[in-house]
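One structure is given below, encoded as structure tokens.
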Amino acid sequence: MVKPIQRLTDPNVLGGVIINTDGNTTVFANNLLSSVNTSVVLYGPPTTRTANGSGTVFAHGINVNYTDNADADGIPRAAGSPNVFVGDDIDQDIPSIRGVVEADEEDVFVPGSGAARFEAVPKSEREAAVPPPEPTGQSNVETSKFTGTPTADCGGIESTVTAADGDLSTIEAISLSPRFTVKKLTRKPSIAFDNPLNPASGDLSREEIVCNLKLLCINCLEPIYDRYNNSFVTNTWRPRGIGSPTSQHPKGQAADIQFRGVKKSDYFQIAQSIKDLVPFDQLLLEYKTTGTGLPWIHISFNKDGNRKQVLTLLNNKTYGQGLIDLADR
């Protein structure tokens, strides 16, 4: 999803015009300053501010606004640039190819199944991709050097979920760690996919899923964000039925991570760093040859025991054990 970027003088649907982009003084679209969250909107005497900008596109570190974003008073933005566009979706995970991306763990547990899912996608939605011969890049099959003690205690967060009595907005506001709430790991615009935490019958309970998300944050995501402040999560919990039935995503145990401003060639080094930085059950360095070709890193944590499994995947098929640099593919 991409939509026109909002700029100085663009209106909302009730005619509230952006008159000041004081959070941005140097980034332009069509020779007009681009609007960012908290830009001033004038209706006449009353004013409001823009809000709800992109979760993936920023100017001076502030979320850029685009058409249909709601201002702080709830009124949607209108008009916008005729030829400069912005959005929230992380391009390798757009919903039209979601089944392709999320076949990753399926191949881990049933070799070849991820590739079968990939091949089942119409050719119009992908590029033909066959694993190449042995890579010319580096590889690292060493085990993790992490020596810390993982946190496996959820600290009673389950009772906080129970006390919410099923109210989703209350549950989404629960703090998991200094950077993350439940909402920030399950809902747009914070992540690529909007997955309200409504597990189906037979899944883990909300209490169990929130506990797992908390442990994933404390043990994995917070240390990764501390080292790489350009990190962003594209996906954590998702409903059962998308991807493998053995996936750790529906349990709240796994996250997919990318890095702003990072080239494809940098992911191998980042994955090596993460391998020794945090405890994990699975660390998957995932490459693809479709779309932009940007990789991502899948990491999971299991409080009941971690396998410390490290694999490199190409187009949702296991390429090899350990970390392999496939940046030239």
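Some observations on this one:
- Packing, as the average of other Cβ atoms within 10 Å across residues, places the peptides 274-280, 260-266 in the order 274-280, 260-266, highest first.
- Computed from backbone phi, the HN-Hα couplings of the range 25-37 come to 10, 9, 9, 10, 9, 6, 6, 10, 4, 6, 7, 10, 3 Hz, rounded to whole numbers (Karplus: 6.51 cos²θ - 1.76 cosθ + 1.60, θ = phi - 60°; Gly and Pro given as x).
- Value of relative contact order over the range 263-329, rounded to a whole percent, pairs C-alpha under 8 Å and six or more apart: 35 percent
- Within straight-line cross-link reach of K275, lysines at Cα separation under 16 Å, skipping those fewer than 8 residues along the same chain: K145, K308
- Under the criterion of Cα pairs below 8 Å and six or more residues apart, the relative contact order for the range 1-88 equals 36 percent.
- Overall form of the range 1-88 per C-alpha gyration tensor (a/c, 1.5; a/b vs b/c): rounded
- Scaled against the 2.2 N^0.38 Å expected of a compact globular protein of N residues, the Cα radius of gyration of the range 252-329 reads 1.05.
- Distance between the pseudo-spin-label points of V141 and L14 (7 Å out from Cα toward the beta carbon): 6.5 nm.
- Database remark: amide H of F28 closer than 5 angstrom to the amide H of S34 (H placed geometrically; neighbours at sequence offset of 5 or more, or on other chains; Pro and chain starts carry no H).
- Residues R227, R240 arranged by fewest to most Cβ contacts within 10 Å: R227, R240
- A Förster radius of 35 Å, combined with the Cβ-Cβ distance separating T26 from Q269, puts the computed FRET efficiency at roughly 0.65.
- Added length on full extension, which subtracts the Cα-Cα distance from 0.36 nm per residue, R307 to S175: 44.8 nm
- Highest to lowest packing among 200-208, 301-309, scored as the average C-beta count within 10 Å: 301-309, 200-208
Read the figures in this text as sums done on the coordinates, not as results from a lab. Computed from a predicted model, the values in this text were never measured in an experiment. Every residue, glycine among them, receives a Cβ derived from its backbone with ideal geometry; neighbour counts consider all protein chains shown.
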